[in-house]
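**Student:** Handing you a structure now.
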C-alpha cells in the first residue's frame, strides 16, 4: 500500500497512524521490512516515526529488533471502548426491538474479542454474555467477522497466539479450515456462530464499517428461536445498525438507527 499525502492532513501524523494500523493488522508485532513493504514508506522515515512513537509509549522495540504496539495504547483503547459503547446503545436497542434477541457490540482486544456494549432480549430465556467478557475469536460470530477484516497473516498470528480450544462438538479447531472460511465471510458480509461457542446458541454478526478496530455488531439467542432461516432477514437489519453507528462515529452527530 503506497502512502499518499492528503491534501488537508498533516503528513507525518497520517504516516504514524498508518504504521500503527499496519502493526495492528499484522497482529501487533512486525519487522521494519514488513512495514516498509506494506506502507511504501522509506525505511529511514519509518525508523524516525517509530522512534517518536516509542518515546510516547505507543510502540516499543523487542530484542529481536521487531516492533510491537506499546502499553500507552491500552488507555486510549479503554477510553475509546467506553465512548463507542455509548454511541452503540440506541442502535443495539433498535435491533432488540426489530429482531427480539440480545444485541451486542464487540471489539478486537489483543488476541481475543471483548464485548463492550449489550442490550438484552426481553425474553425470559436469553443470552447473558456480559459486557467486559473476553472470548476466543475462532468460535464466535463477532470473532470470525473481525478476523475476516485482517490480512491473512495477521489473522493466523492471532489464532496461533490465542489457540483454538474446543468449546463444543461444532467448534472449528484447524486454523487452515477457519482461514479458508474468511474470504467467504468478507464476500457475504456476515459470520455465524452456529453452536460453536455454546451448544444450542446461535449468533449472527456483521462488521461495523471502517475496519476491525471499529468492532462488530451481533445478535444472539437460542438456536430454536434464532433459526438459520432467519439469517437473510437478520443480516440487513444488523448491517443497517452497523452502518448508522459507523456514520455517527465518522460525523460525530447523533442519529437514530431506524
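Bear in mind that the values in this text are calculations on the coordinates, not laboratory data. The structure displayed is predicted, hence computed values, not measured ones.
**Student:** Over 30 Å, how big is the tail of the calculated P(r) for the chain, in percent of all Cα pairs?
**Tutor:** Percentage above 30 Å: 30.
**Student:** Another question, if that's okay. Considering Cα pairs under 8 angstrom that are at least six residues apart, work out the relative contact order of the chain and quote it in whole percent.
**Tutor:** Computed value for the chain: 16 percent relative contact order.
**Student:** A further question on this structure: Taking the chain as a Gaussian network, where each spring joins two C-alpha atoms under 10 Å apart, which residue of 26, 103, 37 fluctuates the most?
**Tutor:** Sorting by GNM fluctuation, first place goes to 37.
**Student:** If you line up the long axis of helix 175-188 against the longest principal axis of the chain, both from Cα atoms, how many degrees apart are they, to the nearest 10?
**Tutor:** 80 degrees
**Student:** Residue separation times 0.36 nm, minus the C-alpha to C-alpha distance between residue 229 and residue 172: what's the value?
**Tutor:** Difference between extended and current length: 18.3 nm.
**Student:** What residue among 221, 100, 132 has the largest mean-square fluctuation in a Gaussian network model of the chain, using Cα springs under 10 Å?
**Tutor:** 132
**Student:** Test of understanding: in a Gaussian network model of the chain with alpha carbons linked when under 10 Å, which of 12, 220, 39 would top the mean-square fluctuation ranking?
**Tutor:** Sorting by GNM fluctuation, first place goes to 12.
**Student:** Averaging over all projection directions, find the projected area of the Cα convex hull of segment 11-70 and quote it in nm² with one decimal place.
**Tutor:** Mean orientational projected area (segment 11-70, Cα hull): 3.5 nm².
**Student:** What is the helix-to-structure angle for 72-99, meaning the angle in degrees between its Cα long axis and the longest Cα principal axis of the chain, kept from 0 to 90 and rounded to the nearest 10?
**Tutor:** 30 degrees
**Student:** Calculate for the chain the 222 nm mean residue ellipticity that helices alone would give, adding -39,500 (n - 2.57) per DSSP H run of length 4 or more and normalising by residue count, nearest 500 deg cm²/dmol.
**Tutor:** So the helix-based figure for the chain works out to -15000 deg cm²/dmol.
**Student:** May I ask for the angle, rounded to the nearest 10°, between helix 152-162 and the longest principal axis of the chain, with both axes built from Cα atoms and the value confined to 0 to 90°?
**Tutor:** Value to nearest ten degrees: 70.
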